[in-house]
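The values are calculated or read from the model by the stated rules, or taken from the named source; none is laboratory data. Values in this document were obtained by computation on a predicted structure and should not be read as measured data. Virtual Cβ from ideal backbone geometry, glycine too; neighbours counted across all protein chains shown. Heads up: the accessible areas ignore ligands, DNA and RNA and are worked out on the full protein's heavy atoms, side chains in. Shrake-Rupley method; radii C 1.70, N 1.55, O 1.52, S 1.80 Å.
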Amino acid sequence: SMLARGAVATARAVLAHGLAAFPLKRSLWLQAVELERKHGGVEALDEVLAAASERLPRQEIFWLVRAKGRWVEGDVDKAREILGKAFQVNPNSEPVWLAAAKLEWETGEIDRARVLLSRARERASSDRVYMKSALLERECKRFDDALILIQIGLSKYPNFAKLYMMGGQICSQDLPEKNKKNLDKARGFYKRGLQRCSTSVVLWILASRLEETAPSFITTTAAKGDAKNNGTVGIGMGFTKARSLLELARLKNPKNPELWIEAVRLERRAGNEKLGVTLIARALQECPQSGRLLAETISTAARAEQKSKTTDAIKKCADDPHVNTAVATLFASERKNDKARKWYERAVILNPDLGDSWARYYALELEVGTKERQDGVRERCVAAEPKHGEIWCSVLKNMKNRGKSIAESLELMVQEFRLRQLN
């Protein structure tokens, strides 16, 4: 192609000619936007997005990308203006309402964001609108308001798993009183959710972890003299209930690596190492090509077995980013830094959206790399905007880390890795 040969100006001219002939062709405008995003400047990109929005005003994506671009450049007022124009032609658009609310939310205008979300619930009601509304109140520690919004949202959208998740998390993690009343509320959210959303793996895992920690709620209640609970429920009961939930989850969702991994880790936390080994062997029989499971076998195997586990994983899933990251992390632990760097590089190329790979790569460079290498990994990660990864998501979705940039999140991840090594 012309871009592959470096002929950016020629490609730009060809697209301009095509758009002059077919000004309403969305795919051409998307190509023009991508061209300027990769090879043009900020102003050139803005001009193309403005032209695309004018020609195709009902295509929300051009308004949203342009508004985000101005916001990132620090021009919040211009971003507001762009979204205001988007509202005029897309008054019932959920993405436009949510983008406008996010702009105000992220710039500290909480009351404005709250008003926008209230209007969105009236004019562009959806499960995501209710989720974002509840999340705003949760972030502001207005937990009662958040729970009310969740209940209203569930009455309208009873099959939306994320509302059940948030309700359970607020009751079990956020409310100041860690008592049986709040434990039962959290259980109620998860129970209703699993009845409606039995294929939601995350919901099963959250419900299992709640049961695992349930004895601490009951012990706290007993210590305060709450009725009917003497605190005699042992930790073992929590593991038993959690184990039963995960077994039921696997029956309803067979061949799911995430559920198997959670079951294996539960046994390790319970001190049942032998059962954990048995479970991971069963898991690999059911999901032999799962990169997640193979990566888990590498990271948890005894030192003497790690080499053979690594060889087996590479044979089965050489192009899986989880396997590549696990191999790299093993090399890093052995101070084989060049090999580690090579495997991390493979992992982030295979899946740039996997935040865990970027974070471990960055942690390696912070420890042994030059400043130039550190800056390079960080800048590439910021450009990739990763949104997935087990530890990445757990850190970013922690309420105290809300609003952190990707660069700040990388630093938090490195701290998290160091804490896990100490423990």
For Thr310 the rounded accessible area (nearest 10 Å², probe 1.4 Å, non-protein molecules ignored) is 10 Å²
P(r) over all Cα-Cα pairs of the stretch 268-333, 5 Å bins from 0 to the longest distance, whole percent per bin, short to long, reads 4, 19, 29, 25, 16, 7, 1
Nearest-0.05 FRET efficiency for Lys78 and Asn337 at R0 = 51 Å, using Cβ-Cβ distance, is 0.70
Heavy-atom accessible area of the chain with neighbours in place, 1.4 angstrom probe: carbon+sulfur share in percent works out to 52 percent
Rounded to two decimals, the Debye log10 I(q)/I(0) of the chain (Cα scatterers, no solvent) at q = 0.11, 0.13 Å⁻¹ is -1.07, -1.34
Quick numbers on the stretch 91-206, Rg and Dmax over C-alpha atoms in Å, give 14.4, 45
Averaged per residue, the 1.4 Å probe accessible area of the stretch 305-409, protein heavy atoms only, in Å², is roughly 53 Å²
With the 8 Å Cα cutoff and a minimum separation of six or more residues, the stretch 274-423 has a relative contact order in percent of 15 percent
In nm, the gap between the two label points placed 7 Å beyond Cα toward Cβ at Ser27 and Val115 is 4.4 nm
Quotient of Cα radius of gyration and Kirkwood radius for the stretch 236-283, i.e. Rg/Rh, equals 0.94
The distance between the Cα centres of the stretch 277-318 and the stretch 28-83, in whole Å, is 45 Å
Once all protein chains are kept in place, Trp63 shows an accessible area at probe 1.4 Å, nearest 10 Å², of 20 Å²
Rounded to the nearest 10 Å², the accessible area of Glu247 using a 1.4 Å probe with every protein chain kept is 90 Å²
Once the dipole of the chain is set up from charges on Cβ (+1 Lys and Arg, -1 Asp and Glu), the residue from the list Leu206, Asn92, Trp71 lying farthest towards its positive end is Leu206
Summing -39500 (n - 2.57) over every DSSP H run of at least 4 residues in the chain and dividing by its residue count gives a helix-only mean residue ellipticity at 222 nm, to the nearest 500 deg cm²/dmol, of -24500 deg cm²/dmol
Flagged as over-length at 18 Å C-alpha distance, from Lys141/Lys178; Lys371/Lys400; Lys38/Lys404; Lys68/Lys404; Lys191/Lys387; Lys191/Lys252, the pairs are Lys371/Lys400; Lys38/Lys404; Lys191/Lys387
In a Gaussian network model of the chain with springs linking alpha carbons closer than 10 Å, the residue among Lys85, Lys180, Lys241 that fluctuates most is Lys85
For the stretch 1-158, the Cα convex hull volume per residue in Å³ comes to 127 Å³
The alpha-carbon center of the stretch 169-190 and that of the stretch 332-388 are separated, in whole Å, by 38 Å
The stretch 49-114, Kirkwood Rh and Cα Rg, ratio Rg/Rh at 0.95
Of all trypsin sites (Lys or Arg not before Pro) in the stretch 335-423, the ones in DSSP coil with at most 11 other Cβ atoms within 10 Å are Arg335, Lys397
